[in-house]
Each structure stands twice: as structure tokens, then as C-alpha cells.
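Before any comments, here is the structure.
No lab work stands behind these numbers, since they all come straight from the coordinates. Because the structure is predicted, anything quoted here is derived from the model rather than measured. All Cβ positions, glycine included, derive from the backbone under ideal geometry; neighbour counts span all protein chains shown.
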Amino acid sequence: MSVLDAGQEDTPWQAKFPTPRTKEPGAITRDELLARFESGEKGGQDFLLVDVRRTDHEGGTITHSTNLPAQTLYYSIPSIYNLLQSGKIPLVIFYCGTSRGRGTRTAAWFNDFIEDQRKAGSESDDGFMIQSVILKGGIKGWVNAGEEYQKWMTAFEPDYWTQFADLRL
């Protein structure tokens, strides 16, 4: 054990943060996201697409994604919310490898924050509302859906993804 590791326990990263109140955030399918891309919509303009992977952020990412690792995202939620409000971006989509862990947790945290803002009366005067969802199947489901999806990736490395070819998401 190094000096840097002294005193650290093997607790999961999410143990430092509150359990989300939202149990099942909404979801968008890869087909729905692909349709948005094909219609000319862009991440950061029409929606915010957030890749919450950290150490497994390999093999490429979905085009127009912003990488905000789940392990550090919680404290940034108010700032992200304010950016979405001021930019009138109505949808934030979170994903990780499969969107069953970190993606779901971060979307739920964000949804909790949205609900807290509504209860506090902090929503927009013009009725603008933000929705927080996950990308069903995550990036592994996106890649395994085939070339039609893979062409919408940045820094795509096909060899990396062969290890996940048998996953059904």
C-alpha cells in the first residue's frame, strides 16, 4: 500500500453521495437519439449528451457528448442545470457503459435537482422545463447496434468494442 492509499477504504465511489430519490429516470432509446442526429439536432444545442464514464472512457464516445465522470458530477449539477436553463436546452441524456449504474444514478440525481427547483419555485417564468433521462443500453448498446450507430461516434476504435460484441442491450 502506498502512502497515498493509507486510510482509504474500499467503499464504492457513490457511497460519498446521497441515494437518489428518483428510482427510475426516464429513458431515450438509441433509435430516438439516432433520429435526433439524423434530423440535424446537435448535442450542446438541442440537448446535452453526457458520457459519465471515467476510467473506462475508451474506444470512443458518441458524437456531441460531453465527458463528465459520474464520480465527480454530483457537485456540478447546479451549474449544469443553470447552463441548460440559460441555453434553453430542454433535455439532458446521461449514459455510461450500459446505463444501468452510473448513467441511471446521475440521471436520477439530476432529476432530483430539477424536482427540488420546481418545488422551490425556481423554474423559468416562461414555463421552460428540463428533462433528465438515460440512453437505454448505454454506449455498449449503441456500438452493438451496428455501423449506422458507430458512424455517429468520435474517436471510434472498432477493435476495442469486439470484447462486448455478445452483449444484448
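Figures for the structure shown
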{"read-out": "Computed magnitude of the charge dipole of the chain (debye, nearest 20; Cβ of K, R +1, Cβ of D, E -1)", "value": "300 debye"}
{"read-out": "Spin-label pair residue 156/residue 24, simplified geometry with 7 Å Cα→Cβ offset, distance in nm", "value": "3.2 nm"}
{"read-out": "Likely footprinting exposure, 75, 95, fewest C-beta neighbours within 10 Å first", "value": "75, 95"}
{"read-out": "Among the listed pairs 42/88; 23/136; 42/119; 23/151; 16/136; 42/140, those beyond 24 Å (Cα-Cα)", "value": "42/119; 23/151; 16/136"}
{"read-out": "Cα-centre dipole for segment 80-169 with unit charges at Cβ (Lys and Arg positive, Asp and Glu negative), debye to 20", "value": "240 debye"}
{"read-out": "Euclidean distance of C-alpha centroids, segment 127-169 and segment 71-87, integer Å", "value": "23 Å"}
{"read-out": "All-pairs alpha carbon distance profile, segment 47-100, 10 Å steps from 0, percent", "value": "23, 55, 21, 1"}
{"read-out": "Likely footprinting exposure, 66, 154, fewest C-beta neighbours within 10 Å first", "value": "154, 66"}
{"read-out": "Listed residues 133, 49, 70: farthest to the positive end of the dipole of segment 19-154 (Cβ charges)", "value": "70"}
{"read-out": "Gaussian network model of the chain, springs between alpha carbon atoms under 10 Å - residue of 112, 126, 51 with greatest fluctuation", "value": "126"}
{"read-out": "Packing-based exposure ordering (other Cβ within 10 Å, fewest first) of 63, 106", "value": "63, 106"}
